[in-house]
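S.K.: Encoded as structure tokens, here's the structure I'll be asking about.
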Amino acid sequence: MKLATLRVDGTTRAVRVDDETLIDLGASDVGELLARDGWADAVAAVGASTAKTYARDGADFAPVVPRPSKVVCVGLNYKNHIQEMGRDLPEHPTLFAKFADSLIGATDDIVRPGETEAFDWEVELAVVVGRGVRRARGADAESANAGFTVLNDVTCRDWQFRTREWLQGKMWDSSTPVGPHLVTPDELPGGVRPTLDVRLSVDGEVMQQDNTGDLLFDPVDLVEYVSTVVRLNPGDIIATGTPGGVGHARAPKRYLTGGETVVTEIDGIGRLTNTVVAESGA
């Protein structure tokens with residue numbers, strides 16, 4: 001199944017996406033829905049003939065989970081990106097965090113802060129957690145995965161590399177599109193270890209293109225690793241890392257300066273289309 005959080009009448013609603021029809025699931029957003037016991041069976045049972053529906057055409061999708069308790073991100077997880085950044089293959093996942101205030105919807109503007117001169121793109125497959133787990137292993141880690149979505153880990157490179165810790169380059173307000181949908185693993189080739197083509201273009205020029213089968217640490221590995229450190233809650237997001245082709249690694253370097261249209265897409269999941277705008281008052 002395919003789920004989304006829809007903006008409607010000044011609020012948000014969790015919906016199931018059935019082709020061109022969006023079916024209201026009786027929750028304010030996908031995060032609230034995933035916190036309910038038996039959510040998958042309940043969602044499957046909702047019929048278009050009895051629930052409120054909306055047209056997909058012109059739909060305004062919020063971040064698929066607007067207020068996750070945590071967003072855990074993984075750096076250096078595709079071999080080609082590790083090599084282009086001049087680093088050795090890691091023995092363990094490289095983790096950092098984002099916060100809910102950084103998340104925006106599928107067609108919202110990406111806000112470029114006035115404080116950066118090195119605003120960069122990163123297409124990523126993101127895991128959405130479907131139930132609370134701690135120290136999950138094997139089948140437990142697999143079943144904790146509610147599904148996958150698309151995330152663009154937009155980064156202020158000059159702030160990222162001010163210190164050895166990356167957080168300050170990654171957590172800027174209203175900078176990280178995520179969505180438009182959550183797609184459950186049963187709909188994707190490879191299931192909880194999907195093999196999906198990912199792409200990112202800027203003004204129509206393809207900058208990144210790869211397949212999630214090339215991840216060094218796959219989504220199950222990451223649920224196991226992250227849940228060892230911290231409890232994962234329903235609606236939490238794990239961004240699995242980006243492939244090669246980022247602007248910072250190009251010669252000459254290329255960054256987002258404002259006015260560009262950035263399209264971030266993963267086959268079988270969906271597409272984010274966002275315009276880069278200067279921060280108001282910056």
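The values are calculated or read from the model by the stated rules, or taken from the named source; none is laboratory data. Since the structure is predicted, the reported quantities are computational estimates derived from the model, not experimental observations. Note that we place each Cβ from the backbone using ideal geometry, even for glycine, and neighbour counts take in every protein chain shown. Only protein heavy atoms, including side chains, enter the accessible area calculation; ligands, DNA and RNA are left aside. Shrake-Rupley method; radii C 1.70, N 1.55, O 1.52, S 1.80 Å.
S.K.: How much net charge surrounds residue 158 when only the other residues with a Cβ under 13 Å from the Cβ of residue 158 are counted, with Lys and Arg +1 and Asp and Glu -1? Intermediate values should be presented prior to the final figure.
M.R.: Working: positive: 112, 157, 162, 170, 253; negative: 115, 117, 120.
Once positives and negatives cancel, what remains is +2.
S.K.: Order these peptides, 37-47, 82-92, 263-273, by their mean beta-carbon neighbour count within 10 angstrom, highest first.
M.R.: 263-273, 37-47, 82-92
S.K.: Using a 1.4 angstrom probe with every protein chain in place, what is the largest-first accessible-area order of 78, 255, 225?
M.R.: On the way: 78 5, 255 55, 225 80 Å².
Listed by decreasing accessible area, they come as 225, 255, 78.
S.K.: Using the Cα centre as the reference, give the magnitude of the dipole from point charges on the C-beta atoms of segment 46-125 (Lys, Arg: +1; Asp, Glu: -1; all else neutral), rounded to the nearest 20 debye.
M.R.: Working: 8 positive and 13 negative charges, 97 e Å.
Computed about the Cα centre, the dipole is about 460 debye.
S.K.: While we're here: From largest to smallest, what semi-axes in whole angstrom does segment 121-194 give when each is the square root of 5 times an eigenvalue of its alpha carbon gyration tensor?
M.R.: Ellipsoid semi-axes (Å, largest first): 28, 16, 10.
S.K.: Excluding ligands, DNA and RNA, what is the solvent-accessible area per residue of the chain at a probe of 1.4 Å, expressed in Å²?
M.R.: With all protein chains present, the chain gives 41 Å² per residue.
S.K.: Given the alpha-carbon gyration tensor of segment 1-72, what are the semi-axes of its equivalent ellipsoid in whole angstrom, ordered largest first, with each equal to the square root of 5 times an eigenvalue?
M.R.: 18, 16, 10
S.K.: Can you work out the Karplus-derived ³J(HN,Hα) for every residue in segment 109-124? Use 6.51 cos²θ - 1.76 cosθ + 1.60 with θ = phi - 60°, whole Hz, and x for glycine or proline.
M.R.: 6, 7, 8, 8, x, x, 7, 10, 10, 9, 8, 10, 10, 7, 6, 8
S.K.: Count the net charge of all other residues whose Cβ sits under 11 Å from the Cβ of residue 266, scoring Lys and Arg as +1 and Asp and Glu as -1.
M.R.: Overall, the nearby charge balance is -3.
S.K.: Next up: For the chain, what value does the Rg/Rh ratio take when both radii are computed over Cα atoms and Rh is the Kirkwood radius, given to two decimals?
M.R.: Working: Rg = 17.9 Å, Rh = 18.8 Å.
Checking Rg against Rh, the ratio lands at 0.95.
S.K.: Could you sort 226, 111 by their accessible area in this structure, using a 1.4 Å probe and putting the largest first?
M.R.: On the way: 226 5, 111 30 Å².
Largest accessible area first, the list is 111, 226.
S.K.: Mind checking which lysines have their C-alpha under 21 Å from residue 2, skipping anything on the same chain fewer than 8 residues away?
M.R.: 52
S.K.: May I have the extent of the alpha carbons of segment 179-256 along their three principal axes, as whole Å values ordered from largest to smallest?
M.R.: The Cα atoms of segment 179-256 stretch 41, 29, 23 Å along the principal axes, largest first.
S.K.: Between residue 44 and residue 139, what is the label-to-label distance in nm when each label sits 7 Å out along the Cα-to-Cβ direction?
M.R.: 1.7 nm
S.K.: GNM on the chain, C-alpha springs below 10 Å: top fluctuator among 93, 68, 252?
M.R.: Among 93, 68, 252, the largest GNM mean-square fluctuation belongs to 252.
S.K.: Which value, in debye to the nearest 20, describes the size of the charge dipole of segment 128-282 about its Cα centre when Lys and Arg Cβ atoms bear +1, Asp and Glu Cβ atoms bear -1, and nothing else is charged?
M.R.: 540 debye
S.K.: With the dipole of segment 111-264 worked out from charges on the C-beta (+1 for Lys and Arg, -1 for Asp and Glu) around the Cα centre, which of 217, 189, 159 lies farthest toward the positive end?
M.R.: Of 217, 189, 159, it is 159.
S.K.: For segment 249-259, in order, what is each residue's ³J(HN,Hα) by Karplus, 6.51 cos²θ - 1.76 cosθ + 1.60 with θ = phi - 60°, in whole Hz (x at glycine and Pro)?
M.R.: 8, 7, 10, x, 4, 10, 9, 7, 10, x, x
S.K.: Quick check for me: using +1 on Lys/Arg Cβ and -1 on Asp/Glu Cβ, what's the dipole size of the chain about its Cα centre, in debye to the nearest 20?
M.R.: Using Cβ point charges on Lys, Arg, Asp and Glu, the chain gives about 660 debye.
S.K.: Taking the chain as a Gaussian network, Cα atoms linked when under 10 Å apart, which of 239, 48, 144 shows the biggest mean-square fluctuation?
M.R.: Among 239, 48, 144, the largest GNM mean-square fluctuation belongs to 48.
S.K.: Next up: When the accessible area of segment 54-184 is computed with all protein chains present and a 1.4 Å probe, what percentage of it is carbon and sulfur?
M.R.: On the way: 2350 of 5070 Å².
Answer for segment 54-184: carbon and sulfur cover 46 percent of the accessible area.
S.K.: Give me the lysines in straight-line cross-link reach of residue 98: C-alpha distance below 17 Å, same-chain residues under 8 apart excluded.
M.R.: Of all the lysines, those that pass the test against residue 98 - Cα under 17 Å, at least 8 places apart if same chain - are 70, 170.
S.K.: Tell me which residues come under 5 Å, amide H to amide H, from residue 147 once H is placed; ignore anything under 5 positions away on its chain.
M.R.: Amide H to amide H, under 5 Å and 5 or more residues apart or across chains, residue 147 pairs with 128.
S.K.: Continuing with the same structure: Would you compute, from DSSP H runs of 4+ residues alone, the mean residue ellipticity of the chain at 222 nm, taking -39500 (n - 2.57) per run and dividing by the full residue count, rounded to the nearest 500?
M.R.: Mean residue ellipticity at 222 nm (helix-derived): -3500 deg cm²/dmol.
S.K.: Which of 57, 140, 186 moves most in a GNM of the chain, Cα contacts under 10 Å?
M.R.: 57
S.K.: Let me ask you something else. Over all directions, the average projected area of the alpha-carbon convex hull for segment 1-127 comes to how many nm²?
M.R.: Computing the convex hull of the Cα atoms and averaging its projections yields 10.8 nm².
S.K.: If you don't mind, another one. Taking each pair of different alpha-carbon atoms in segment 107-263 once, compute 1/r for the pair, average those values, and report the inverse of that mean as the Kirkwood hydrodynamic radius in Å to one decimal. All intermediate terms of the calculation are to be shown ahead of the outcome.
M.R.: Values: mean 1/r = 0.0608 Å⁻¹.
Result for segment 107-263, one decimal place: 16.5 Å.
S.K.: Go through segment 56-67 residue by residue and turn each phi into a ³J(HN,Hα) via Karplus (6.51, -1.76, 1.60, θ = phi - 60°); whole Hz please, and just put x for glycine and proline.
M.R.: Running phi through 6.51 cos²θ - 1.76 cosθ + 1.60 with θ = phi - 60° gives 5, 4, x, 5, 10, 8, 6, x, 4, 10, x, 9 Hz.
S.K.: Another question about this same structure. Excluding ligands and nucleic acids, what accessible area in Å² is computed for residue 112 using a 1.4 Å probe, to the nearest 10?
M.R.: Solvent-accessible area, nearest 10 Å²: 40 Å².
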